Amino acid sequence: MDQSLFGQIDRTAFVQRLREDGAAFGLRLPQALSSELVEYASKHACFADRQVDCGFHLGARPGAESKLGKPILVAQYFNAATQCPAIGLLLQDPLLQWIAGTYLESVPTFVGANLWWTFPVQALEEDRDRHAHLFHRDVDDFRFFKFFFYLTDVKAGDGAHVYVVGSHRRPPMLRLGDRWNIRRYSDAEVRECFAPDRIVEICGAAGTGFAENTLCVHKGLTPIREPRLLLQLQYALFDYGAMHDRRDSSALQMIA
Ligand SMILES: O=C(O)CCC(=O)C(=O)O
Ligand SMILES: [Fe+2]
């Protein structure tokens, strides 16, 4: 544990929180690592809507939007898990591995890193749905969870990740079939099911990290002023090959 990038945190309490609340807080990336991730993002192409043929560098976002004929809400990097050394370091971190194994009660399987921007735009409603800006639950494995790291400052009302405390154990049951169906929930439905203090907007400076079992009801808020850069590391029991960021480099094409 002395080798961890995260220093001393009460790891047993962290996992306990994750079990009870569905999320646990208090991780902080070292400044140098956070900056390295931002620098990686500034030097490599990201891909609008996670489409391999929609690559652009950050400075060319207006041109990319003109080509696509719409505002870009989300753009993701491909092959960052293998190409970005800072992500490689995080994947070896003993504290993150301990949390993953303890929470999953199994040898943890790392199933994917995802590094993406969310931009402050007047997004199309279909893009807000597609990119998880409406409340939902992720159902990715029998047991799984994600680490999230903000790489830009995230202020209230401006692109935060929002989750409902404890909702991994008590999903909303509003319609017949809600026990089994995976669907999007409106804000009104979530407010109807949960007390206001359970609906938590997670804000924090660049470097803020937390873990969440995204079986909890959650969503990303569409930013209003500042773009948000986020790194997500996902751990599960099994790797179904659906969550990684690997794409054949010959398939990657730029649009701007
Ligand atoms: O962008 C966020 O904060 C949430 C993303 C999300 O929930 C998802 O991709 O499933
Ligand atoms: Fe999600």
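The values are calculated or read from the model by the stated rules, or taken from the named source; none is laboratory data. The model shown is predicted, which means the values in this text are computed figures rather than measured ones. As a convention, Cβ positions derive from the backbone with ideal geometry for all residues, glycine included, and neighbour counts pool all protein chains shown.
For residue 175, the conditions (1) closer than 26 Å to residue 15 by Cα; (2) of a type in the set (Lys, Arg); (3) away from ligand 2 (no atom under 16 Å from the Cβ) are fulfilled apart from (1). Pairing residues of the stretch 169-182 that are within 20 Å of residue 145 (Cα to Cα) with residues that are modelled with pLDDT under 70 and surrounded by 14 or more Cβ atoms within 10 Å (Cβ to Cβ), at Cβ distances under 8 Å and at least 6 apart in sequence or on separate chains, gives 171/178; 172/178. Annotation: of all residues in the stretch 209-256 being of a type in the set (A, V, I, L, M, F, W, C) and within 23 Å of residue 121 (Cα to Cα), the one that is surrounded by the fewest Cβ atoms within 10 Å (Cβ to Cβ) is 224.
Does residue 162 meet the test of being surrounded by fewer than 20 Cβ atoms within 10 Å (Cβ to Cβ), outside any loop (DSSP other than H, G, I, E, B), near ligand 1 (Cβ under 10 Å from one of its atoms) and not hydroxyl-bearing (Ser, Thr, Tyr)?
Numbers: surrounded by fewer than 20 Cβ atoms within 10 Å (Cβ to Cβ): yes; outside any loop (DSSP other than H, G, I, E, B): yes; near ligand 1 (Cβ under 10 Å from one of its atoms): yes; not hydroxyl-bearing (Ser, Thr, Tyr): yes.
Yes, satisfied.
Kindly indicate which of 145, 110, 149 is modelled with pLDDT of 95 or more, within 24 Å of residue 9 (Cβ to Cβ), in contact with a strand residue (DSSP E or B) (Cβ under 8 Å, 6 or more places away or on another chain) and within 12 Å of ligand 1 (Cβ to nearest atom).
Result of the check over 145, 110, 149: 149.
I'd like the full set of residues that are more than 10 Å from ligand 2 (Cβ to nearest atom) and either surrounded by fewer than 19 Cβ atoms within 10 Å (Cβ to Cβ) or under 16 Å from residue 22 (Cα atoms) (or both), limited to the stretch 135-157. 141, 142, 143, 144, 145, 147, 148, 153, 155, 156, 157, listed by residue number.
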